[in-house]
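Peer 1: Take this structure first; my questions come after.
The values are calculated or read from the model by the stated rules, or taken from the named source; none is laboratory data. Since the structure is predicted, the reported quantities are computational estimates derived from the model, not experimental observations. To get the accessible areas, we keep the full protein, side chains included, count just its heavy atoms, and leave off ligands, DNA and RNA. Shrake-Rupley method; radii C 1.70, N 1.55, O 1.52, S 1.80 Å.
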Amino acid sequence: MATPTPQRRAYVLGGNRIPFARAGGPYAHASNQDMLTVALDGLVARYGLQGERIGEVAAGAVLKHSRDFNLTRESVLGSALSAETPAYDVQQACATGLETLVSLSNKIRLGQLESAISGGVDTTSDAPIAVSDRLRRALLDLSRAKTAGQKLAAAAKIRPKDLAPSTPRTSEPRTELSMGEHQAITTAQWGITREAQDQLALASHLNLAAAWDAGFFDDLVTPYRGLIRDQNLRADSSLEKLAGLKPTFGLGLDTPATMTAGNSTPLTDGASTVLLGSQEWASAHDLTPLAAVIDAEAAAVDFMHGDDGLLMAPVFAVPRLLARNGLTLDDLELIEIHEAFASTVLCALAAWESDDFGRERLGLDGAFGKVDRDRLNVHGSSLAAGHPFAATGGRIVATVSAELHRRRVARLAAGDDRPPRALVSICAAGGLGLTALLEAA
Amino acid sequence: MSDTYLRLVNSGVTAKIAKQLGLPRPSPLQRYTPGQPLVDGPVLVLGTGKDTDAIAGLLAAPTADFGWDLDVHRHATPDTRWAALVLVLSEVVHPDDLTAPVLEAASVLRSLKSGARVVTISRPAGDDDAPAMSAARQGVDGFLRSLAKELRGGSTGNGVVVADGVPVTAPAAVGALRFFLSTRSAFVDGQLLAVDSETGSLPDDWDRPLAGRVAVVTGAARGIGAAIVDVLARDGATVVAVDVPAAGEQLAAVANRVRGTALQVDVTAEDAGRRILDHALARHGRLDIVVHNAGITRDKLLANMKPDQWGSVLAVNIAAQLRINETLLTSGDFTDAPRIVSLASTSGIAGNRGQTNYATSKGGVIGMVRATAPLLAPFGGTANAVAPGFIETEMTARIPALTRQVARRLNSLQQGGQPVDVAETVAFLASPQAGGIVGRVLRVCGQNMVGQ
């Protein structure tokens, strides 16, 4: 196993996102570029970066129009940043936002960059709609046709049924199963109960609501299009209300269906950004580092042929990440596991607590470990906030970095010099998982 | 927010009709743009004694000698179109002493250019003065306020009242004179501004008097607050734009426009002062100017007033300012000629039916700055208030159309002011030259009929 060589540190200096909206809600007519631009502009305003040449901006979207070519660069050009700021796009499904953060912080650690902005955006409201393959071929033929006869022949090939749009799907291309159906299989495999899922969902809502009420997001979120808070947030949620919902996934399985709209994340629109920099750049700009990005580890599972569920890759990434850094779960003060579904989180926790799984799949002496619930998603996560795919990584990193810094300041005041650490874990389509380790600065 | 009437009576056929009908014809006011001349034409300086010589000398001296390089005349000459008239009356000891300069001024009133400035410089009438001198000094007050009501064509009349013992060339006195002469004071009319001390310093660059200063503006996302941000930044300040988190979208746009920073914080929060100060110190290294602009209205007749309508207005408009000021004053970090400028209102002076809560809070602001100013004096600091009258904002756009039309005409300039007019006055009181103006209220109301 490689050991990370000592590099200079890359710091999270701050973040900005727009409140996350339910699909078809306030951002229904906003494009990916609109949302990413406004998220960048909010960051610029918060940190006084107008006209600043940032080393590099990387962001991306999962659902992209063909017009979203060079999305990030176009968003930078529309923002208050210097037009001399380079930018590039990334797409790694739900891990997009975290992947941009990891790659940019690595460039900072290597000394290739002094500053960077990572980000992500997604809209399921303004999703691209493609035409059918037959119509597309006919239209392309038509555009190539030179004579009237050729044009007529090309047009004549179009049938009325070809005009039906081919809508985007959230199903896996290789299994044709939706993400929820995949997770329902894993949920059943690990025997996760409905009650446990509802409890996790409730905690997510209550924790997120409490953080909003405490003003925790005043420095992390800029309102957009009249939306001031995350729209999916139900501050008045209760176990009774959640228990009343009908299951939506796993209805065809032999086991009882346990996944509902309440313990699964809804389709969401939103954008997030994270400001990164070296210590020198931060000092020169009078910015206080919140947390250092220490390390990251990706994993993937063979969800088509193997035993592992589609969203279980982080279960393998985290032990490798921690081992490489000489840490265990107990060394982490904050654990952020993206709540694609409540049961995704619970399956990961169950796998880590299993002696058999630890020995047989993780190559350990026994169980990997147990996650203290009071360290898990302390300010809520995707179940309550929503999950605009590529924007989730930025949301989580900015939130947890602010919390790490808050704790660090309080602890230093009490004479304790040990910096708290946090784990960020995000599962993604295609059997992917990306995890990162952060430490308070 | 556009004044259709003002447009109609100043253009084409409708202008002719309005003239024939004898309708009030407000003149479009000239506003300040950087680089424009301080005064656009010859200036007549009248008065007696060495103060008059000193003022005339300042106005006429070349810029290289720290003068204002104006075309200054000491006597009325026929066929001259005067851009400004300065009456130095600081040395009068008897009402009879006013006669000569006033009558000479009278002879040129019909020769004033549109948008001309009349400024008096006088001394305050004190309890210990000889009765004749006190009468002469107090007489200036009535004279100026009446003269301002006679001026037409967007011209204004204002006075600088310099405390005994303070030279008329003290920084705040000449700062106030320059402000009243310039188009920055377009909607300030009929006001007498007191200069209390020699504190303050003249700026190196009159176009950027706030260079190097860091300012915080609350309620900065929209309207008057956003205009204040723009003007402070134009005058050289680095601005922290503050507003409630819910207004963050507009706030970010304002901050980006002026290359400042946005801080989303509710001013009524317990720790608002601390957060504002921390942000300013961490990001910009200092804090020099605080503009308390954030304010709300919850208009209701007192008989119908609900506890929340009373409470929320008082909480935002005055209690929050008191709490933030206390944090700043006890921090030890607000000590380099600091400036506090609070937004009061003519409603807080004259009262307004249906606004007992608002007027209480705004009256409170006036009391607050009066009592806060002495606490800042040891650091060369000041606290002052600006009291807007009818200003064209989203707030006044919600007034019913007819009421709004009437409200606009109830001042000597017969129109509503613009947010920038309030902002210019705030910027003046926040400037280094205004150091000798302490605990005062300056109205920006076009000389509204109500109150002082």
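Peer 1: For chain A, treating each Cα as an identical point scatterer without solvent, what Debye log10 I(q)/I(0) comes out at q = 0.06, 0.12 1/Å?
Peer 2: For chain A at q = 0.06, 0.12 Å⁻¹, log10 I(q)/I(0) is -0.26, -0.98.
Peer 1: A further question on this structure: Would you mind checking the pairs A:K161/A:K246; B:K16/B:K113; B:K19/B:K113; A:K64/A:K241; A:K107/A:K370 and listing those with alpha carbons more than 25 angstrom apart? Don't skip to the answer; put the middle values down first.
Peer 2: Working: A:K161/A:K246 35 Å; B:K16/B:K113 21 Å; B:K19/B:K113 19 Å; A:K64/A:K241 35 Å; A:K107/A:K370 33 Å.
In this structure, A:K161/A:K246; A:K64/A:K241; A:K107/A:K370 exceed 25 Å between Cα atoms.
Peer 1: Please work out the Kirkwood hydrodynamic radius for region B:214-444, using every pair of different C-alpha atoms, and report it in angstroms with one decimal place. Each step should come with its number before you reach the end.
Peer 2: Details: mean 1/r = 0.0570 Å⁻¹.
Over region B:214-444, the inverse of the mean reciprocal pair distance is 17.5 Å.
Peer 1: Another question, then. Which value in Å does the Kirkwood hydrodynamic radius of region A:1-83 take, with 1/r averaged over all unlike C-alpha pairs and then inverted?
Peer 2: Values: mean 1/r = 0.0679 Å⁻¹.
Radius from the Kirkwood sum: 14.7 Å.
Peer 1: So what is the 222 nm mean residue ellipticity for chain A from helices alone, if each DSSP H run of at least 4 adds -39500 (n - 2.57) and you divide by all residues, rounding to the nearest 500 deg cm²/dmol?
Peer 2: Numbers: 14 runs with 158 residues, N = 441.
After summing the helix terms and dividing by residue count, I get -11000 deg cm²/dmol.
Peer 1: Name the residues of region B:248-281 whose accessible area falls by at least 40 Å² when all protein chains are present instead of the chain alone, probe 1.4 Å?
Peer 2: B:E249, B:N256, B:R259, B:Q264, B:R275
Peer 1: Going from the alpha-carbon gyration tensor of region B:53-105, what semi-axes, largest first and in whole Å, does one get by taking the root of 5 times each eigenvalue?
Peer 2: Details: eigenvalues 108, 51, 8 Å².
After diagonalising the Cα gyration tensor, the semi-axes are 23, 16, 6 Å.
Peer 1: Calculate the length of the line joining the C-alpha centroid of region B:281-308 to that of region A:27-48, in whole Å.
Peer 2: 28 Å
Peer 1: Could you state the number of Å between the C-alpha centres of region B:377-413 and region B:37-92?
Peer 2: The distance from the Cα centre of region B:37-92 to that of region B:377-413 comes to 31 Å.
Peer 1: Sorting A:D269, A:D286 by accessible area (1.4 Å probe), largest first, what list results?
Peer 2: Result, largest first: A:D286, A:D269.
Peer 1: To the nearest 100 Å², how much accessible surface do chains B and A cover up together, summed over both, with a 1.4 Å probe? Numbers along the way, then the final one.
Peer 2: Details: alone 18740 and 18430 Å², together 35710 Å².
Accessible area lost upon association: around 1500 Å².
Peer 1: For region A:220-342, go through all pairs of different Cα atoms, get the mean of 1/r, take its inverse, and jot down that Kirkwood value in Å. Each step should come with its number before you reach the end.
Peer 2: Working: mean 1/r = 0.0523 Å⁻¹.
Result for region A:220-342 stands at 19.1 Å.
Peer 1: For A:E439, what accessible area in Å² do you get when you roll a 1.4 Å probe over the heavy atoms of the protein chains, rounding to the nearest 10?
Peer 2: Its heavy atoms expose roughly 30 Å² to the probe.
Peer 1: Now for a separate question. Using only the alpha carbons, work out the radius of gyration and Dmax of the protein assembly as shown in angstrom.
Peer 2: When restricted to the Cα atoms of the protein assembly as shown, Rg and Dmax are 33.6, 109 Å.
Peer 1: Roughly how many Å² of B:R208 are accessible to a 1.4 Å probe, to the nearest 10?
Peer 2: Near enough 110 Å² of accessible area.
Peer 1: I'm a student and want to see the number: the projected area of the Cα convex hull of region B:375-449, averaged over all directions, in nm². List each step's numbers first, then the result.
Peer 2: Details: hull surface 22.6 nm².
Quarter of the Cα hull surface area: 5.6 nm².
Peer 1: Counting each DSSP H run of 4 or more residues in chain B as -39500 (n - 2.57), what helix-only mean residue ellipticity at 222 nm follows after dividing by all residues, to the nearest 500 deg cm²/dmol?
Peer 2: Numbers: 16 runs with 173 residues, N = 452.
Only helices count here, giving -11500 deg cm²/dmol.
Peer 1: Taking only Cα atoms of region B:38-195, what ratio of Rg to Rh do you get with Rh as the Kirkwood inverse-distance radius?
Peer 2: So for region B:38-195, dividing Rg by the Kirkwood Rh gives 0.93.
Peer 1: So which residues of region A:207-231 lose at least 50 Å² of accessible area, probe 1.4 Å, when you go from the chain by itself to every protein chain present?
Peer 2: Residues losing area: A:D218, A:P223.
Peer 1: Round to a whole number: what % of the accessible area of region B:214-444 belongs to carbon and sulfur, probe 1.4 Å? Intermediate values should be presented prior to the final figure.
Peer 2: Values: 4260 of 7820 Å².
Carbon-and-sulfur percentage of accessible area, whole number: 55.
Peer 1: Can you pull the three principal axis extents for the Cα set of chain B, in Å, largest first?
Peer 2: That works out to 61, 53, 43 Å along the principal axes.
Peer 1: Over region B:236-341, calculate the relative contact order: mean separation of alpha carbon pairs under 8 Å at least 6 apart, over the residue count, as a percent.
Peer 2: Working: 115 pairs, mean separation 29.7, N = 106.
Value for region B:236-341: 28 percent.
Peer 1: On the protein heavy atoms, probe 1.4 angstrom, tell me the percent of accessible surface of chain A carried by carbon and sulfur.
Peer 2: Details: 9300 of 17700 Å².
On chain A, the fraction of accessible area on carbon and sulfur atoms equals 53 percent.
Peer 1: Right, next: Take the alpha-carbon centre of region A:94-117, take the same for region A:363-426, and report the distance between them in whole Å.
Peer 2: 19 Å
Peer 1: Quote the accessible area belonging to B:I17 in square angstrom, nearest 10, computed with a 1.4 Å probe and with ligands, DNA and RNA left uncounted.
Peer 2: Here the residue's solvent-accessible area equals roughly 80 Å².
Peer 1: Just for the protein assembly as shown, what percent of DSSP beta bridges are antiparallel, to the closest 5? Show your work: numbers first, answer last.
Peer 2: Numbers: 42 of 106 bridges.
Antiparallel bridges: around 40 percent, rounded to the nearest 5.
Peer 1: Using a 1.4 angstrom probe on the protein heavy atoms only, line up B:R323, A:R373, B:R443 by accessible area, largest first. If you can, show how the numbers build up before the last one.
Peer 2: Values: B:R323 75, A:R373 135, B:R443 5 Å².
Reading off the accessible areas and sorting them downward yields A:R373, B:R323, B:R443.
Peer 1: Using the Cα atoms of region B:1-101 to build a convex hull, what is its mean projected area in square nanometres?
Peer 2: Values: hull surface 42.3 nm².
Spelled out: convex hull of the Cα atoms, projected over all directions, averaged, 10.6 nm².
Peer 1: Right, something else. For B:T80, A:T344, B:T238, give the ranking by accessible area with the largest first, probe 1.4 Å. Let's see the in-between values first.
Peer 2: Details: B:T80 25, A:T344 5, B:T238 50 Å².
The ordering from most to least exposed comes out as B:T238, B:T80, A:T344.
Peer 1: Of all DSSP beta bridges in chain A, what percent run antiparallel (nearest 5)? Don't jump to the answer; show the numbers that get you there.
Peer 2: On the way: 41 of 55 bridges.
Taking every DSSP beta bridge within chain A, about 75 percent pair in antiparallel fashion.
Peer 1: Just the accessible area per residue of the protein assembly as shown, please: how many Å² with a 1.4 Å probe? Don't skip to the end; give the middle numbers.
Peer 2: Details: 35710 Å² over 893 residues.
Per-residue value: 40 Å².
Peer 1: Which of the residues in region A:9-48 lose at least 30 Å² of accessible area when you go from the chain alone to all protein chains together (probe 1.4 Å)?
Peer 2: Checking the loss per residue gives A:A45, A:R46.
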